Amino acid sequence: MHYTKSFHIALLDDKDAKNLNELMVSNAERFKRYFPKTLSSNLTLEDSERYIIAKALELQSNESYTFAIKEKATENIAGLIIVKKIDFETRQAELAYGIGAQYEGKGLVTFAVKEVSNFAFNELNLKTLQIISHKTNLGSVKVAVKSGFVWQRTLPDEFTPTNELPLDMELYELTK
């Protein structure tokens, strides 16, 4: 889709299963709290192959769009960014993202959020994008703010991590 010097964003495809599985397994500790469904769907190579097939079907039905942030030189996946909970009536969707530890702090997620936001506004004709993050997830909050999203309110008991009590989450929005 779009490129920086060393990275680009592309929809997941069949060839990505091995890289996706390696990213998720090598960063399992990192993804288990806020990306538990994606992690649990990618614990084996076969899981990742099924995940990519499921994401292709969701793409065909405009249910969600799952993009990989890839290194240009190797096509290794650095992270994921997902347009989900798309509501074409209200013209609103949520963005979710995760990045491998070795790629953190390079501005890749902010780059990806900006690019995917442009895609959502221009190609999907959405008007409002949301990012929902926990206040202690400082990297995620920083990405939201750097990408132009504005804090709206606290959502009580919005998200329940695996084997934890529900957490209040912070809602950020960007409107076209």
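Would it be correct to say that LYS135 is part of a loop (DSSP other than H, G, I, E, B) and among the basic types (Lys, Arg)? So LYS135 passes the test.
Here ALA73 fulfils each of the conditions (1) outside any loop (DSSP other than H, G, I, E, B); (2) over 14 Å from the mean Cα position of the chain (by Cα); (3) of a type in the set (A, V, I, L, M, F, W, C) apart from (1).
Determine whether the range 54-66 contains at least one residue that is touching a Lys or Arg at 6+ places or on another chain (Cβ under 8 Å), surrounded by 14 or more Cβ atoms within 10 Å (Cβ to Cβ) and closer than 17 Å to TYR172 by Cβ. Checked against the condition, which is being touching a Lys or Arg at 6+ places or on another chain (Cβ under 8 Å), surrounded by 14 or more Cβ atoms within 10 Å (Cβ to Cβ) and closer than 17 Å to TYR172 by Cβ, the range 54-66 yields no hits at all.
Here VAL113, VAL150 are screened, and the one residue that is under 18 Å from TYR97 (Cα atoms) and within 16 Å of the chain's Cα centre (by Cα) is VAL113. Among the residues of the range 119-163, those that are modelled with pLDDT of 95 or more, open to solvent by less than 30 Å² (accessible area, probe 1.4 Å) and touching a helix residue (DSSP H, G or I) at 6+ places or on another chain (Cβ under 7 Å) comprise LEU126, LEU129, ILE131, SER133, VAL143, SER147. Taken over the range 48-68, the criterion of being in contact (Cβ under 8 Å) with a residue 24 or more places away in the chain, in contact with a helix residue (DSSP H, G or I) (Cβ under 9 Å, 6 or more places away or on another chain) and not hydrophobic (A, V, I, L, M, F, W, C) is satisfied by SER48, GLU49, TYR51, TYR65, THR66. Of ASN42, ASN27, ASN76, all but one fail to be farther than 25 Å from ALA93 by Cβ and either polar (S, T, N, Q) or buried (at least 16 other Cβ atoms within 10 Å of the Cβ) (or both); the exception is ASN76. Any idea how many residues of the range 164-176 are more than 16 Å from PHE31 (Cα to Cα) and open to solvent by 70 Å² or more (accessible area, probe 1.4 Å)? Of the residues in the range 164-176, 4 are more than 16 Å from PHE31 (Cα to Cα) and open to solvent by 70 Å² or more (accessible area, probe 1.4 Å). When ILE99, ILE81 are checked against the criterion of being under 17 Å from SER26 (Cβ atoms), crowded, with 19+ Cβ neighbours inside 10 Å and touching a residue at least 12 places away in the same chain (Cβ under 8 Å), a single residue qualifies: ILE99. Across the range 43-59, the qualifying residues are those that are within 16 Å of ALA10 (Cα to Cα) and charged (D, E, K, R), and the one among them that is farthest from the chain's Cα centre (by Cα) is GLU58.
Could you give me the residue pairs with C-beta distances under 6 Å whose first residue belongs to the range 18-47 and is part of a helix (DSSP H, G or I), whose second residue is open to solvent by 70 Å² or more (accessible area, probe 1.4 Å) and of a type in the set (S, T, N, Q) wherever it lies, and which are 6+ apart or on separate chains? Once the first residue is part of a helix (DSSP H, G or I) and sits in the range 18-47, its partners that are open to solvent by 70 Å² or more (accessible area, probe 1.4 Å) and of a type in the set (S, T, N, Q) give PRO36/THR162.
The values are calculated or read from the model by the stated rules, or taken from the named source; none is laboratory data. None of these values were measured; they are calculated from a predicted model. Cβ atoms come from the backbone with ideal geometry, glycine included; neighbour counts cover every protein chain shown. Calculation scope for accessible area: heavy atoms of the full protein, side chains included, ligands and nucleic acids excluded. Shrake-Rupley method; radii C 1.70, N 1.55, O 1.52, S 1.80 Å.
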